[in-house]
Every structure is written in structure tokens, then in C-alpha cells.
Amino acid sequence: MSSIELDKPWVVPSEFYRVVDEASKTIQCIVCERKCILKPGDRGYCMNHVNIDGRLYSIGYGLLSAIESRPIEIKPLFHYYPNSTALTFSGFGCNFYCPWCQNYLLSTKPPSHENGVYVSPRDLVYEAIRRGDEGLCASFNEPVIHLEYLLDVAEEARKHNLYFTLVTNGYMSKNSVKRLVEAGVDGYSIDLKGCPSFYEKYLHADPYVVLRNAKYIIDNGGFVEIVFLIITNANDSIDCIEWVIGKHYDILGEDVPLHINRYYPAYKYTEPPTSLDTLFKAYKIAKETGLNYVYIGNIANEEYQDTICPKCGKKLVVRRGYRVVEWNLDSHNRCPMCGTKIPIRGSYIASKGLPLYM
């Protein structure tokens, strides 16, 4: 790997590997669940980890492809620091290559200092403070492939009482999810993309890993919302929809929010957008299964993004343009009509009540 200069700030040694064979200097990356076996000179599936002379290196540390302040609701996270904004950042590469990826210009490219800008964890956190954001969010491409950087950003964020959240496919190793939670990354918007046959066909992966990690986060004090993007002629069968919703209910519980999102054609996938009928059927199945907080995203009717009291039916939170425009919970996040406690992580930011994304 002569083209990799070890003295650059975006090339850092990683501790997240094990030695497979000392003689051949073969190692195994343990950042994500793919656990790539790497001989010297090999890059992992994510394009961000490399075996250099028998050691694992991250070659995209702090090489960012985007930095912008965005509403937390756009992640989507509806029950996490409502109405706040997060300094949202991304790198390059991914450990999934979805044919319909909206961010394929980032996710399918390897990290490069020619395309990215190096930003240290300290400078990133200071930028969030400068902009008046309440926290940070790693998004756009899969963040966990930048585990080393995330842990250092989390340390800096904690010093300044900023929250830190991820928009992730959830396909990290057990060790990685443990380290992230311990580091104070407590908010997760996790994609549960479909049933086992869907994961096998399109991703060569296992959805039970995603469910395992989501449950670990919840059981260890983190906060999770699940996103189910329903894709035309891929995961939109009733059997697949029922599997996703059933596992959500059985493993994660009735109070973990579920976002049912509409797909639109992108990248290599040209099937038409998800039918509204399919989205509404999925919504009905989720409610009948017993999920208390179900939302539909990426459609014109924004009423499906409002939070309704699961006990008395009162409209508690109204969202328009990815902003909270009406907040009817009391100071303890209870319904003022019946007293039902609504699961909310963090404080509602009333000072940011005007829609930003209309």
C-alpha cells in the first residue's frame, strides 16, 4: 500500500482487529459484522480499513464529505431531543451497497483527501457549538465504518454536554456497539431494511444482527428509533412487512418508534415509488400489532408524522417541515388528557419552533 502515507492525520492505527495468522500477517477487522479477513495490502468491504504490514489502519479518519446543521426530525428521530438541530457529518464508503441508495455518490466512493476535508474531532465539536446546535449526528454514509473517529468525537462532545447520535444500518459488531454506547453515543436511527430473504438477496447480510444491536442499545441505556424503507418489488410483500413489524414488536418492544418510509428511484434501482396503499397497509399492520408510535415518512401528508397518545388519542406533537410546530406534552412528557408517559429522550427545544424545511 505504498500510496498510503502513514504520516497523514486521516490515516490512524486501529485497535479493532485480531490476528488470524502471524506468519502471513493476515488479520480480521472487527469493526462491523462482516469481519473482513485481510491480507497485507487488502482493504475491507467498507473501503476504510486496510491491512498495512499486519496491522489494521483506518484511512478515512476525519475525512468528511459533508457538514451541515440539520433538524433532528429529518434523521428521522422524533422522540430524541425534539426540535433540536444536530451538526450532521459524513465520510465515504459503506458496509452495505444498496441498489437504491440515495447517497451513493458518498457511500460508493473510497475515502480520499482529494474529495474530502479533514476535520479533527475537536474542530468538529467546536463547529457545532459555533452554530448553536444541541448535538452532533453522523449520517449520509454508514457511520460505524468510521468507528475510531466516532469514539474520539464522542469524547469531545461529552466535554461540552452535546448529544451524539447515529443514522446507521446497525450492522456493527458486538464490540463496536458496546464501545459506542460506553462512549456516550446514545441516540440511534437504525434501518431495519427487511426480512431475511431480502437481506440475503440484496445485502448478503443478516437482519437478526441489526435487531441484536438495537436491543443491546436499548438494554444499556441508549435510545433507538427504527426506520423501515419499503421498496417496490424488493421488501414490499405482506410477509416481509409482517416479519419486520413482528420482530420489532417482539424484540424491541411496543414503545420503540417505527418510521415506515416511502422509497423513490435512485442509483441502480428504477422501480416506481412505493405505492401509498402499501404504506398505509403497513401502518395498519403496525398499529394492529400493538406498536404505539408509528409514522409514515417521505409522503405529502405530514399528519402521519404527528405523535398521538396511544391511550386516549390526543394529538400531542405536530410536525411540519421536519420541525415541531405544536407541543402539547406537560413538563414530564405526559399526555395532559390521560397522563400517559410518552418516551422522549432529552429536552424539547421550544426556541426552534419555526419550520426550517418547508
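The values are calculated or read from the model by the stated rules, or taken from the named source; none is laboratory data. Keep in mind the model is a prediction, meaning the values are calculated, not measured. Virtual Cβ from ideal backbone geometry, glycine too; neighbours counted across all protein chains shown. The accessibility values were calculated without ligands, DNA or RNA, using every heavy atom of the protein model including side chains. Shrake-Rupley method; radii C 1.70, N 1.55, O 1.52, S 1.80 Å.
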For T88, other-chain or 5+-apart residues with amide H closer than 5 Å (H placed, Pro excluded) are E68, S69, R70, C137
Fully extended contour minus Cα-Cα distance, from K8 to A300, at 0.36 nm per residue:
100.5 nm
For the Cα atoms of the chain, what angle does the longest principal axis make with the long axis of helix 276-289, in degrees from 0 to 90, nearest 10?
80
Give me the compactness ratio for region 161-308, meaning the Cα radius of gyration over 2.2 N^0.38 Å.
1.03
How many nm separate the modelled label positions at V20 and K341, each set 7 Å beyond the Cα in the direction of the Cβ?
4.8
Using a 1.4 Å probe on the protein heavy atoms, what percent of the accessible area of the chain belongs to carbon and sulfur?
49
Treat the chain as a sphere of radius equal to its Kirkwood radius over Cα pairs and apply Stokes-Einstein at 25 °C in a medium of 0.890 mPa s; give the translational diffusion coefficient in µm²/s, rounded to a whole number.
117
Check which residues have an amide H placed less than 5 Å from Y17's amide H, if you skip close sequence neighbours.
I30
If we sort 267-280, 241-254 on the protection proxy, mean other Cβ atoms within 10 Å, highest first, what's the order?
241-254, 267-280
If packing is taken as the mean number of other Cβ atoms within 10 Å per residue, what is the order of 163-172, 20-29, 50-59, highest first?
163-172, 50-59, 20-29
Under the Karplus curve 6.51 cos²θ - 1.76 cosθ + 1.60, θ = phi - 60°, whole-Hz ³J(HN,Hα) for region 291-298, x wherever Gly or Pro sits:
6, 7, 10, 10, 10, 10, x, 6
Measuring from the lowest to the highest alpha carbon on each principal axis, how far does region 45-104 reach, largest first, in angstroms?
47, 26, 19
Of the beta bridges DSSP finds with both residues in the chain, what % are antiparallel, to the nearest 5?
55
May I ask you to give the solvent-accessible area per residue for region 299-340, in square angstrom, as obtained with a 1.4 angstrom probe?
50
Among GluC sites (Glu not before Pro) in region 93-197, those in a DSSP loop whose Cβ has at most 15 other Cβ atoms within 10 Å are E114
Which residues' amide hydrogens lie under 5 Å from the amide hydrogen of T340, considering only partners 5 or more residues apart or on another chain, with H built in the peptide plane?
C335
Can you tell me the Rg and Dmax of region 70-156, counting just the alpha carbons, in angstroms?
13.5, 38
Which whole-Hz couplings ³J(HN,Hα) result when phi for each residue of region 94-107 is put into the Karplus expression 6.51 cos²θ - 1.76 cosθ + 1.60, θ = phi - 60°, listed in order with x for Gly and Pro?
6, 9, 10, 10, 6, x, 9, 4, 6, 10, 4, 5, 9, 6
Please give, to one decimal in nm, the separation of the simple spin-label points placed at D206 and S275, each 7 Å out from Cα toward the Cβ.
3.5
Using the heavy atoms of the protein chains and a 1.4 angstrom probe, tell me the accessible area per residue for region 64-162 in square angstrom.
35
